[in-house]
Amino acid sequence: MSILVTGGAGFIGSNFVLDWLNASDEPVVNLDALTYAGNLQNLATLQGDARHVFVRGDICDRALLDRLLAEHRPRAIVHFAAESHVDRSIHGPGAFIKTNVDGTFTLLEAARTYWTGLADDARRAFRFQHVSTDEVYGSLSADAPAFTETHPYEPNSPYSASKAASDHLVRAWFHTYGLPVLTTNCSNNYGPLHFPEKLIPLMIVNALAGKPLPIYGDGLQVRDWLYVRDHCSAIRSVLERGRPGQVYNVGGGNEMTNRDIVQAVCALLDELQPDPAGPYNRLITHVKDRPGHDRRYAIDARKIEAELGWRPAETFQSGIRKTVQWYLANADWVRGVQSGSYRDWVAANYEAR
Ligand code: NAD
Ligand code: TYD
């Protein structure tokens, strides 16, 4: 038995693969195109481990998918591979349509063909797990109830629209073909191995380098933050016990404004690695807002709690402390990901703001 993971060299996927192989000996076939966001350094501790088979390739490559499925005969696919950064989707939406929509379609079709050819028992046990985001539901007003699984889809960015499209395809492959799919819609993750283009790791690495901490607009946008390993445990619960065709919302119950997040990161850095030049929050700068910036996301996670008994293990306080400590202990990893293409992105997104 094995599972096929897509996007397992990215932030959440690599945390998932590491957690998976920590808890079980079931092999993982890890298909990742190694875009700017994929980093084999994340998986360095698995070097020489026969339980981890890494394949560099694109989820849009149908022939490759057919070959991998035929060769490894996985009992499940856990689909993380995506273009995932909202700001990049504003600068260049095409890659998001290609990977998130075409790629998910191609993977669904390859999975359907493979699943159709399985023997009865294996067919019944097979699962296609699609990892998605709360951003598909759009933006909430300050006092609106949190997103449930039946909240209307109202995506506002090219990223969330492409993820919404992929969710719809996954749903249709269940209803039309009976492919046993599971979908999770999760809130913002943070934790180790997070590429420093997203809010929390960007603030940590910029603060340590004495660079400005750019808050978009008024910084009062609200996100519901979840420690990445809690997301991974939710995915494992859904894979094991979720009902095919169902959607599960996953969240941390930690609604916070961006301003409060940045202040919390600064306060922890002040404690753990004080800067002789003064408190880190002196570096906060307000920059031009993101176009179409969603104001608030919040997850109602009662379904996954009630049906599957899943709960996050970390509070925001414990998770953010682990995260900041990880970045302090892994300066080499940060240097490694700050490659030429990363520097080009910083110039494109921030210098003209
Ligand atoms: P990420 O950008 O860090 O990683 C994405 C990975 O997918 C990278 O390793 C990249 O190389 C790979 N990839 C991209 N295009 C590919 C392609 N065409 N073929 C094969 N591999 C490809 O993203 P992440 O933050 O780890 O997110 C993983 C998944 O979780 C995504 O589907 C995302 O929508 C979803 N999600 C993310 C968050 C979050 O806060 N980061 C929250 C909820 C859901
Ligand atoms: P991000 O980490 O990009 O996740 P998402 O857009 O998927 O929620 O951003 C989280 C929040 O932080 C979002 O409201 C945008 C804001 N933000 C900033 O204020 N400054 C920044 O430099 C970045 C990257 C994000």
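Within region 75-93, does at least one residue satisfy the condition of being more than 22 Å from VAL181 (Cα to Cα), open to solvent by 60 Å² or more (accessible area, probe 1.4 Å), in a helix (DSSP H, G or I) and not aliphatic (A, V, I, L, M)? Checking region 75-93: at least one residue is more than 22 Å from VAL181 (Cα to Cα), open to solvent by 60 Å² or more (accessible area, probe 1.4 Å), in a helix (DSSP H, G or I) and not aliphatic (A, V, I, L, M). For region 240-262, a residue qualifies if it is open to solvent by 10 Å² or more (accessible area, probe 1.4 Å) and either out of contact with any Pro (no Cβ under 8 Å at 6 or more places or on another chain) or among the hydroxyl-bearing types (Ser, Thr, Tyr) (or both), and the qualifying residues are GLU240, ARG241, ARG243, GLN246, VAL247, ASN254, GLU255, MET256, THR257, ASN258, ARG259, ASP260. The residue that is farthest from ligand 2 (Cβ to nearest atom), counting only those in region 175-194 that are β-branched (Val, Ile, Thr) and closer than 20 Å to THR133 by Cβ, is VAL181. Can you tell me which residue in region 41-63 is surrounded by the most Cβ atoms within 10 Å (Cβ to Cβ), limited to those that are in contact (Cβ under 8 Å) with a residue 12 or more places away in the chain and away from ligand 1 (no atom under 14 Å from the Cβ)? If we take residues in region 41-63 being in contact (Cβ under 8 Å) with a residue 12 or more places away in the chain and away from ligand 1 (no atom under 14 Å from the Cβ), then HIS52 is surrounded by the most Cβ atoms within 10 Å (Cβ to Cβ).
Within region 102-136, the set of residues being surrounded by 20 or more Cβ atoms within 10 Å (Cβ to Cβ) and more than 22 Å from ARG62 (Cα to Cα) comprises THR133, ASP134, GLU135, VAL136.
Selection over region 159-181 of residues that are more than 16 Å from the chain's Cα centre (by Cα) and not β-branched (Val, Ile, Thr) gives a count of 12.
If the condition is being near ligand 2 (Cβ under 8 Å from one of its atoms), open to solvent by 10 Å² or more (accessible area, probe 1.4 Å) and on the phi < 0 side of the Ramachandran plot, then region 207-221 contributes PRO214, TYR216. Cβ-Cβ distances below 6 Å connect the following pairs, each with a first residue in region 302-317 that is touching a residue at least 40 places away in the same chain (Cβ under 8 Å), a second residue that is open to solvent by 60 Å² or more (accessible area, probe 1.4 Å), and a separation of six or more residues or different chains: LEU308/ARG241. Taken together, the residues in region 216-228 that are in contact with a helix residue (DSSP H, G or I) (Cβ under 6 Å, 6 or more places away or on another chain) and more than 13 Å from ligand 1 (Cβ to nearest atom) amount to 2. From the set of residues in region 195-206 that are open to solvent by less than 10 Å² (accessible area, probe 1.4 Å) and touching a Ser or Thr at 6+ places or on another chain (Cβ under 9 Å), which is nearest to ligand 2 (Cβ to nearest atom)? Of everything passing the filter in region 195-206, ILE200 is nearest to ligand 2 (Cβ to nearest atom). Look at region 129-153: where a residue is within 13 Å of LYS303 (Cβ to Cβ) and a partner is of a type in the set (Asp, Glu) and more than 15 Å from ligand 1 (Cβ to nearest atom), sitting 6+ places away or on another chain with Cβ atoms under 9 Å, you get ALA146/ASP300; PHE147/ASP300; THR148/ASP300; GLU149/ASP300; HIS151/ASP300. Scan region 310-328 and give yes if some residue there is over 28 Å from LEU208 (Cβ atoms) and surrounded by 12 or more Cβ atoms within 10 Å (Cβ to Cβ), otherwise no. There is at least one residue in region 310-328 that is over 28 Å from LEU208 (Cβ atoms) and surrounded by 12 or more Cβ atoms within 10 Å (Cβ to Cβ). Checking each residue in region 2-40 for being loosely packed, with under 15 Cβ neighbours inside 10 Å and within 12 Å of ligand 1 (Cβ to nearest atom) picks out only LEU34. Condition check for ALA125 on (1) under 26 Å from SER237 (Cβ atoms); (2) within 15 Å of ligand 1 (Cβ to nearest atom): one failure, at (2).
Inspect all residues belonging to region 170-183 and state whether any of them is free of Cβ contacts under 8 Å to residues at least 12 places away in the same chain, of a type in the set (A, V, I, L, M, F, W, C) and either under 23 Å from ASN349 (Cβ atoms) or away from ligand 1 (no atom under 16 Å from the Cβ) (or both). Yes, region 170-183 contains a residue that is free of Cβ contacts under 8 Å to residues at least 12 places away in the same chain, of a type in the set (A, V, I, L, M, F, W, C) and either under 23 Å from ASN349 (Cβ atoms) or away from ligand 1 (no atom under 16 Å from the Cβ) (or both).
The values are calculated or read from the model by the stated rules, or taken from the named source; none is laboratory data. In this text the structure is predicted, and so the values were computed from the model without any measurement. Note that each Cβ is placed from the backbone with ideal geometry, even for glycine, and that neighbours are counted across all protein chains shown. What goes into the accessible areas is simple: the full protein's heavy atoms, side chains included, and nothing from ligands, DNA or RNA. Shrake-Rupley method; radii C 1.70, N 1.55, O 1.52, S 1.80 Å.
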